[in-house]
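Notes for the one structure printed next.
The values are calculated or read from the model by the stated rules, or taken from the named source; none is laboratory data. Please read these numbers as outputs of a predicted model, since none were measured by experiment. No Cβ is skipped: glycine too gets one built from the backbone with ideal geometry, and neighbour counts run over all protein chains shown. Accessible surface is based on the protein model in full, side chains and every heavy atom, while ligands, DNA and RNA are left aside. Shrake-Rupley method; radii C 1.70, N 1.55, O 1.52, S 1.80 Å.
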Amino acid sequence: MKKKAQVTIFIIIGIIVVLAAGVGIYFYTQSVQQQAAAEAEKAIAETPEAQVRNYVESCLKNSVLKGLELMRLQGGYISVPNDIETLEIDGYKVPYWLTDKEMKIPSLIYMQDELSRYVAYDLQFCINDFKTFAEKGISVSITSLNVVTEFAASVNVNMKYPLEIVAADKTTTLEDFSLSIPINFEQIYTMASDIANIESTYAFLEEHTNKMISMYSGVNENSLPPLYASRFNIDCSRTTWSVSEAELLMKKIIAKTVPYIKVEGTDFTRPKTGNPIESGVLDGMTYRFFAQAHPTLMIDFEYNPEWPFKFNIVPTKGGKIVPEKTKSPSMLILPSFCVFEYRSKYDVEYPVVVSITDKESARISGNVFYPNEGFTFKFPLYSFITRNNPRTREIVKLSSFINTDELTAAFKELTNKTIDFSLCQRLESPETKITVKDYLKNQPLPNVDVVYKCGDSECEIGSTDTNGQLAAKYPSCSGNAQIVLSKFGYADILTDYKNQDMNFVLFNKKEFTVKVKKINLADYMQNYISTGSYSTSGLDADLQESESAMITITGLEPVSLMYIPGGEIDSMPLSPGKYNLSLYLIKNINIRGEELNSSVFNNESRPTNSTTLPRASQVIYNSLNLEFEVANDDMSKNFLTLYAFEEPISGDVRWRDLLADSSILQPTGELRYRQDNREIVIAKEKYLSYMKPRFS
């Protein structure tokens, strides 16, 4: 039994040895065959024809990769035209695809042709007349050269290069050479041109700038000056900025936040934050430009602080951004306080470099390319806002990749306007001329901005030249068309557009001497009862020393409130336009302190819950609100008289007299007066024209 087992083991071992030998022989045979094939290929490569082909293909590859690398770094150009604006990036002058004046995107055909021309030119230096082969006794004759490039899912280069090769009295010919680089240039170019067109159409970079100004502005020295804010305090302290400090902060904000702009459907990673507000802000910087996802693409935006940056802010005083200040008088149980109005208009200009990386395309390094390691294409766009307004949007043709309906809806929601992007394209009127002069100097006024308005849509037409003139065509408008003329330091003009030459004068703000007069309501009502006239003629009187007025006038150019003590005058800057006037009369009177109970308030006979009211010396006892207009002719005048009604209140009263409902001027603006058990009522519109401010 033991011997049988030993025999079985020897048989198994023998089988294993035979199998191992067979496997070894197989692999040995394969190795020999592969080595023989390699030696055969080597023998072929050593033929003159093969040597020349390898040499030409190597030179072709080198020239193509150099050309593609230049295109990648120079916005699609190999040779940058002299008449195009550029941005220097890492030592390369990269042409803008979109500036503040025009769009210049190289076409795909132009880029293909330029690469073909470059390869045909650069190849000569690498070939060097085949002198290397002449030294080996191989003669190569060149007859012509033609290169054709196609940008598709790959970069395909086909070259007709007829060569005659003579070696050892044997003549052979070569003609066709080709090269394919796995770079999806067509897709990259389409995405790049679409983004430039979207910026031209929707001004999303300018929207980003305005959002950042709103987000990072505030009434403190560590923030940007606010677009609009009002503050008041008792100590009359204020916040100011230097223009240079605001510029430095704005530049830092742009450099920090522009990289957060992302395109939905592409490959990007959002910073992780547990703050829902921060997450919402980041989501607001993600734009859905394309109807379908492109997960192999990375689209990045960048601003480098070393690149150009233009910044200005108005209004300023001596290089400082200072709010308008008004100081109020002290009033009943209220101390004096200061009101500050912050209003800032920004001009911000800077370049943004867009980088589009296709992760499935090849990366170029020298004369070698590495498939699926990513090809990055760069081009700059120019972003600018003027007085907080973005570039004039221009409609362009967008590719089928773009979700135009969603984009229009999204930007309509951003601006809360009905956006008519084609308005500035419809320049259908004959050319008309606008001439603008300074009213006081009677001289041409240059740099006056002209904006055309049709409903909620606007179109920037241009600015007047040194002769104060602007000749331009205007869009058509189905509704009421208007134009706005504006220049810093002057009052804006808003007027209906007429399809003809127009002349305008702009006014500087003028300081009017302001005086307040009062009209006693009891006297006014008695005069009406006796004459039936609503006129205030002969009834006005100057304020007494115990009286004062607080005035607020707002309009096209808001004016902060001012305080005029009785018997005094002050000045107020105004320009032609429509304004709202609020005027409060304040009277220094002796209000006797007394103990009051609820019967004073509820007209009850039984006293309950008595309380003592203090003495006081000042109280607001009447107000007037109305609209008025400053006409052009008024600018030649110097005085402005304001009128206010005076309630018949004596200088020594009790609290119960003030609390009693006995006012003649009602909150609705109508006048109610009781005499002989009857009530006389005068509607506001009856007396209003007699209470309007008067210029003299």
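Under 6 Å between Cβ atoms, which residue pairs at least 6 apart in sequence (or on different chains) link something in the range 72-97 that is on the phi > 0 side of the Ramachandran plot with a partner that is part of a loop (DSSP other than H, G, I, E, B)?
So the pair list comes out as Gly76/Pro106.
Please go through the range 135-168 and give me each residue that is buried (at least 16 other Cβ atoms within 10 Å of the Cβ), assigned to a loop (DSSP other than H, G, I, E, B) and more than 60 Å from the chain's Cα centre (by Cα), ordered by number.
Ile138
Name the residue that is surrounded by the fewest Cβ atoms within 10 Å (Cβ to Cβ), counting only residues in the range 195-212 that are assigned to a helix (DSSP H, G or I) and within 8 Å of the chain's Cα centre (by Cα).
Across the range 195-212, the extreme among qualifying residues is Lys211.
Taking the range 457-478, which residues are part of a loop (DSSP other than H, G, I, E, B) and open to solvent by less than 50 Å² (accessible area, probe 1.4 Å)?
Of everything in the range 457-478, those that are part of a loop (DSSP other than H, G, I, E, B) and open to solvent by less than 50 Å² (accessible area, probe 1.4 Å) turn out to be Thr464, Gly468, Tyr474, Ser476, Cys477.
Would you mind stating whether Thr239 is at pLDDT 80 or above and either acidic (Asp, Glu) or not in a helix (DSSP H, G or I) (or both)?
yes
Keeping to the range 272-290, report how many residues are open to solvent by 30 Å² or more (accessible area, probe 1.4 Å) and within 24 Å of the chain's Cα centre (by Cα).
Count: 9.
Condition check: at pLDDT below 80, part of a strand (DSSP E or B) and buried (at least 16 other Cβ atoms within 10 Å of the Cβ). Does Asn590 satisfy that?
So Asn590 does not fit the description; no.
Please find, among Ile44, Ile84, the residue that is modelled with pLDDT under 95, open to solvent by 60 Å² or more (accessible area, probe 1.4 Å) and either over 30 Å from Val352 (Cβ atoms) or touching a Phe, Trp or Tyr at 6+ places or on another chain (Cβ under 9 Å) (or both).
Answer to the check: Ile44.
Of everything in the range 676-688, what is open to solvent by less than 80 Å² (accessible area, probe 1.4 Å), without any contact (Cβ under 8 Å) to a residue 12 or more places away in the chain and either in a helix (DSSP H, G or I) or of a type in the set (Phe, Trp, Tyr) (or both)? Give them in sequence order.
Across the range 676-688, there are no qualifying residues.
Can you tell me which residues in the range 495-529 are within 30 Å of Glu431 (Cα to Cα), in contact (Cβ under 8 Å) with a residue 40 or more places away in the chain and either assigned to a strand (DSSP E or B) or open to solvent by less than 60 Å² (accessible area, probe 1.4 Å) (or both)?
Tyr497, Met502, Asn503, Phe504, Val505, Leu506, Phe507, Asn508
What tally of residues in the range 241-271 results from selecting those that are within 22 Å of His294 (Cα to Cα), out of contact with any Phe, Trp or Tyr (no Cβ under 8 Å at 6 or more places or on another chain) and open to solvent by 80 Å² or more (accessible area, probe 1.4 Å)?
Going through the range 241-271 one residue at a time, the tally reaches 1.
Quick check on the range 111-133. Is at least one of its residues outside any strand (DSSP E or B), surrounded by fewer than 15 Cβ atoms within 10 Å (Cβ to Cβ) and among the aliphatic types (A, V, I, L, M)?
No; the residues of the range 111-133 include none that is outside any strand (DSSP E or B), surrounded by fewer than 15 Cβ atoms within 10 Å (Cβ to Cβ) and among the aliphatic types (A, V, I, L, M).
When the residues of the range 213-237 are narrowed to those that are touching a Gly at 6+ places or on another chain (Cβ under 8 Å) and surrounded by fewer than 22 Cβ atoms within 10 Å (Cβ to Cβ), which ends up nearest to Asp113 (Cα to Cα)?
Only one residue tops the list, namely Pro226.
List the residue pairs whose Cβ atoms are under 6 Å apart, where the first residue sits in the range 115-131 and is within 23 Å of Ala50 (Cβ to Cβ), the second is outside any helix (DSSP H, G or I), and the two are 6 or more positions apart or on different chains.
Going by the 6 Å Cβ cut-off, the qualifying pairs are Val119/Val147; Phe130/Val140.
From the list Tyr216, Tyr202, which residue is under 30 Å from Ser237 (Cα atoms) and in contact with a helix residue (DSSP H, G or I) (Cβ under 8 Å, 6 or more places away or on another chain)?
Only one candidate passes the filter, namely Tyr216.
Note down all Cβ pairs under 7 Å where the first residue falls in the range 187-209 and is on the phi < 0 side of the Ramachandran plot, the second is open to solvent by 10 Å² or more (accessible area, probe 1.4 Å) and assigned to a helix (DSSP H, G or I), and they're at least six residues apart or on different chains.
Correct list of pairs: Tyr189/Leu108; Glu207/Leu414.
For Leu640, all conditions in the list (1) open to solvent by 50 Å² or more (accessible area, probe 1.4 Å); (2) modelled with pLDDT of 85 or more hold save one; what is the number of the exception?
(1)
If Gly532 satisfies every condition in (1) surrounded by fewer than 17 Cβ atoms within 10 Å (Cβ to Cβ); (2) touching a residue at least 12 places away in the same chain (Cβ under 8 Å) but one, which is the exception?
(2)
With the requirement that a residue be assigned to a strand (DSSP E or B) and over 23 Å from the mean Cα position of the chain (by Cα), what does the range 479-494 give you?
Ala481, Gln482, Tyr490, Ile493, Leu494
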